[in-house]
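The values are calculated or read from the model by the stated rules, or taken from the named source; none is laboratory data. Owing to the predicted nature of the structure, the values given are computational and were not obtained by experimental measurement. FYI the Cβ positions are ideal-geometry reconstructions off the backbone, even for glycines, and counts take in every protein chain you see. With ligands, DNA and RNA removed, areas are computed over all heavy atoms of the protein, side chains included. Shrake-Rupley method; radii C 1.70, N 1.55, O 1.52, S 1.80 Å.
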Amino acid sequence: MMNLSTANLQISLNDGNSIPIIGLGTYSDPRPVPTKTYEAVKTAIEEGYRHIDGAYVYHNEHEVGEAIREKIAEGKVKREEIFYCGKLWSTYHDPEMVRPALERTLKALKLDYIDLYIIEMPMAFKPGEEFYPKDENDRIIYHKSNLCATWEALEACKDAGLVKSLGVSNFNRRQLELILNKPGLKYKPVTNQVECHPYFTQTKLLKFCQQHDIVIVAYSPLGTCRNPSWVNVSSPPLLKDELLTLLGKKYNKTQAQIGLRFNIQRGIVVIPKSITPERIKENFQVFDFSLTEEEMKDIEALNKNVRFVELLMWSDHPEYPFHDEY
């Protein structure tokens with residue numbers, strides 16, 4: 001059980017760097033509303049967040065960068081206090097496209113380096129500038145993945161000083177082992193960013209990652225928006241859960257704060273997404289109380305093994321990660 005009383009808590013990574021345990025997610029669905037992300041990141045930094053999670057494919061990295069640089073210019077934070085995670089999209093898996101993709105993120109942010117760069121999904125799409133390359137039947141055009149070759153190109157980016165740490169996202173155990181067992185591996189993945197919350201607790205994957213000193217970063221730690229095009233809307237909304245409501249009353253906290261605290265106490269980094277100032281603030285107020293071991297067990301028992309984010313539209317991809325048990 002982690003005793004987390006301090007809001008600037010960091011978790012050590014296997015490469016000697018560290019990651020703040022709570023971050024702001026900046027994913028926007030489907031396209032960002034201009035300036036919303038910029039305002040959200042500024043609010044988050046003012047409220048004490050030091051970890052921002054983003055991606056080139058979110059179309060708003062320029063706003064994230066502007067907000068970060070503004071707060072640095074104001075003297076509110078130093079660059080080295082900010083932890084930014086960017087993501088390599090599926091159309092840039094070919095080794096020669098990896099560094100240019102990262103450089104595009106740096107250019108959008110107007111930063112010299114980022115703190116963490118992760119492979120967003122193990123599934124490769126047809127290389128090129130189109131994020132969702134489709135055939136005449138409106139189906140995504142897949143590309144043969146070579147995750148080890150992609151990883152080596154990422155290692156070269158770290159050696160060039162463009163990024164401090166390397167990780168992955170949506171990888172199952174087999175895909176993690178592919179990298180971990182790669183001959184001549186220079187840097188292990190430091191994180192695996194996956195869906196994780198009380199209805200989908202990821203117990204087995206968490207255990208596997210802990211054995212290999214890989215930190216789990218939880219996206220959708222409060223469930224997710226109910227967009228039927230990519231979300232399993234049959235799963236019940238997490239924030240209406242009775243137990244979370246009950247515990248919220250006990251600790252004078254919201255269901256969201258209980259849900260976030262649950263993952264934090266398991267040593268899992270959480271990156272709740274919000275553009276609402278009150279919520280951004282509320283999501284960070286999780287360091288002034290602690291759940292008992294019994295309560296942790298009760299919340300863990302809520303697990304329904306049901307994903308909100310299934311990515312079913314790509315389930316026929318040879319590297320679709322969610323067929324395996326974990």
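The table that follows gives values for the structure above.
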read-out	value
Count of segment 184-197 residues which are touching a helix residue (DSSP H, G or I) at 6+ places or on another chain (Cβ under 9 Å) and either farther than 14 Å from Val309 by Cα or β-branched (Val, Ile, Thr) (or both)	9
Members of segment 46-62 that are under 16 Å from Thr276 (Cβ atoms) and part of a helix (DSSP H, G or I)	Glu46, Glu47
Sole exception among (1) closer than 26 Å to Leu312 by Cα; (2) touching a residue at least 24 places away in the same chain (Cβ under 8 Å); (3) out of contact with any Gly (no Cβ under 8 Å at 6 or more places or on another chain) for Lys240, by number	(2)
Evaluation of Glu80 against (1) free of Cβ contacts under 8 Å to residues at least 12 places away in the same chain; (2) outside any helix (DSSP H, G or I) (one fails), failing number	(2)
Within segment 171-207, tally of residues that are in a loop (DSSP other than H, G, I, E, B) and either within 24 Å of Met296 (Cβ to Cβ) or open to solvent by 10 Å² or more (accessible area, probe 1.4 Å) (or both)	13
Close pairs (6 angstrom Cβ cut-off, 6 or more residues apart or separate chains): more than 13 Å from Leu243 (Cβ to Cβ) and β-branched (Val, Ile, Thr) in segment 286-313, assigned to a helix (DSSP H, G or I) and open to solvent by less than 50 Å² (accessible area, probe 1.4 Å) anywhere	Val286/Gln257; Val286/Leu260; Val286/Arg261
Residue within segment 280-294 that is open to solvent by 90 Å² or more (accessible area, probe 1.4 Å), modelled with pLDDT under 95, not in a loop (DSSP other than H, G, I, E, B) and not acidic (Asp, Glu) present	no
Val231 at pLDDT 95 or above and open to solvent by less than 60 Å² (accessible area, probe 1.4 Å)	no
Complete set of residues in segment 113-137 that are within 23 Å of Tyr58 (Cβ to Cβ), without any contact (Cβ under 8 Å) to a residue 40 or more places away in the chain and part of a loop (DSSP other than H, G, I, E, B)	Lys126, Pro127, Gly128, Glu129, Glu130, Tyr132
Unmet criterion (only one of (1) under 22 Å from Leu154 (Cβ atoms); (2) not in a loop (DSSP other than H, G, I, E, B)) for Tyr27	(2)
Qualifying residues in segment 92-112 (those that are among the charged types (D, E, K, R) and either closer than 22 Å to Gln193 by Cα or in a strand (DSSP E or B) (or both)) - the one least open to solvent (accessible area, probe 1.4 Å)	Asp94
Unmet requirement for Tyr142, which otherwise passes all of (1) more than 22 Å from Gly54 (Cβ to Cβ); (2) at pLDDT 95 or above; (3) hydroxyl-bearing (Ser, Thr, Tyr); (4) open to solvent by less than 40 Å² (accessible area, probe 1.4 Å)	(4)
Flag for Asp135 being touching a Phe, Trp or Tyr at 6+ places or on another chain (Cβ under 7 Å) and of a type outside the set (Val, Ile, Thr)	no
Residues being among the charged types (D, E, K, R) and surrounded by 20 or more Cβ atoms within 10 Å (Cβ to Cβ) - total across segment 72-88	1
Where Pro34 falls short, out of the listed (1) assigned to a loop (DSSP other than H, G, I, E, B); (2) open to solvent by 20 Å² or more (accessible area, probe 1.4 Å); (3) within 26 Å of Ile216 (Cβ to Cβ); (4) not small (Gly, Ala, Ser)	(3)
Checklist (1) in a strand (DSSP E or B); (2) under 28 Å from Glu294 (Cβ atoms) applied to Ile264, failing item	(1)
